[in-house]
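First up is the structure itself, then whatever we jot down about it.
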Amino acid sequence: MFMAIIGKPLYDEQGHLIHDGKYDIFPFVYKQAAKKGSKNRPAGTIETKATQNINREEIRKMLITAVLPAIRRKWPIMLPKKVLIKWDNARPHQVPGYEEFLAAMEEGGFNIEFVFQPPQSPDPNVLDLGLFRAIQSIQHRAFPKNLDALINRVKEAYDEFDPTVNKHTWITLQSCMIEILKCEGGNNYKIPHMGKERLERLGLLPEILEVNQELVDQSCAFLNNNVINTNTQEEAAYQFEVDAD
């Protein structure tokens, strides 16, 4: 398993790339000395092993030792140091409130925050929409013989990821969010195809997609009629249970 960081690429007013949005990709592995010798290596040889249990502690360690330092190291100097990390709400991904972790989020004058997706929501993950697909396609062209070779090939695929594709992927993410609104929070939709390459050649590719006001109103009405009312009923049921006890 790998943890990857990807951001939106930055361009200057002339359209020249000034930051590709790539920070790094890290494998969940550890080093261990071989206890027994074999025909391929003697005992005591340091081997790379895959971490089998990716729990909250492993996630925390990866964030502190790899992810946050990579962000600080490669953060564009022209941007303010307020960083929002989009993060899903899986149980192992719940960020701990340890002092060590909170200090790491503020190190170097940064203000790093995690923005969580609501539980049980569709997962509009920009990594799945672009980077991970590209890495899988590139990595499958090679035939690594061991874990170290696989890691190297995945890192090479990460480095080869085209910044233009990355830019297009962030636009695709916006279009998916619009489709989610149309589905009232569901995921029964197909990823829209906008013809982004053609639009870019014509100088018509938008950076930010507009959402129809009628769709916004419909989505707000749906939330008001379903989510808020449901929460009110749950609160009332909880109050009754407490009082009855």
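Would you be able to say whether some residue in region 181-193 is closer than 24 Å to Tyr23 by Cβ and of a type in the set (Lys, Arg)? Working first, answer last.
Step one: of region 181-193, the residues closer than 24 Å to Tyr23 by Cβ are none.
No, region 181-193 contains no residue that is closer than 24 Å to Tyr23 by Cβ and of a type in the set (Lys, Arg).
For (1) over 20 Å from Phe132 (Cβ atoms); (2) exposed (fewer than 14 other Cβ atoms within 10 Å of the Cβ); (3) not polar (S, T, N, Q), each residue gets a yes or a no:
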| residue | (1), (2), (3) |
| --- | --- |
| Phe161 | no, no, yes |
| Val165 | no, no, yes |
| Trp170 | no, no, yes |
| Ile191 | no, yes, yes |
| Leu204 | yes, yes, yes |
| Val211 | yes, yes, yes |
| Glu214 | yes, yes, yes |
| Cys220 | yes, yes, yes |
| Asn225 | yes, yes, no |
Residue selected from region 74-93 under the condition of a type in the set (Lys, Arg) and without any contact (Cβ under 8 Å) to a residue 40 or more places away in the chain, by the criterion surrounded by the most Cβ atoms within 10 Å (Cβ to Cβ): Lys81
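Out of curiosity, is Asp20 out of contact with any strand residue (DSSP E or B) (no Cβ under 6 Å at 6 or more places or on another chain), under 29 Å from Asp162 (Cα atoms) and at pLDDT below 90? If you could, list the steps in order and put the result at the bottom.
Details: out of contact with any strand residue (DSSP E or B) (no Cβ under 6 Å at 6 or more places or on another chain): yes; under 29 Å from Asp162 (Cα atoms): yes; at pLDDT below 90: no.
Here the answer is no, as Asp20 does not meet what is asked.
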If I filter region 11-57 down to residues being free of Cβ contacts under 8 Å to residues at least 60 places away in the same chain and at positive phi, which single residue comes out as surrounded by the most Cβ atoms within 10 Å (Cβ to Cβ)? Gly44
Would you mind telling me which numbered condition in (1) under 26 Å from Gln32 (Cβ atoms); (2) not in a loop (DSSP other than H, G, I, E, B) Thr172 fails? (1)
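The values are calculated or read from the model by the stated rules, or taken from the named source; none is laboratory data. Given the structure is predicted, the values throughout are model-derived calculations rather than measurements. No Cβ is skipped: glycine too gets one built from the backbone with ideal geometry, and neighbour counts run over all protein chains shown.
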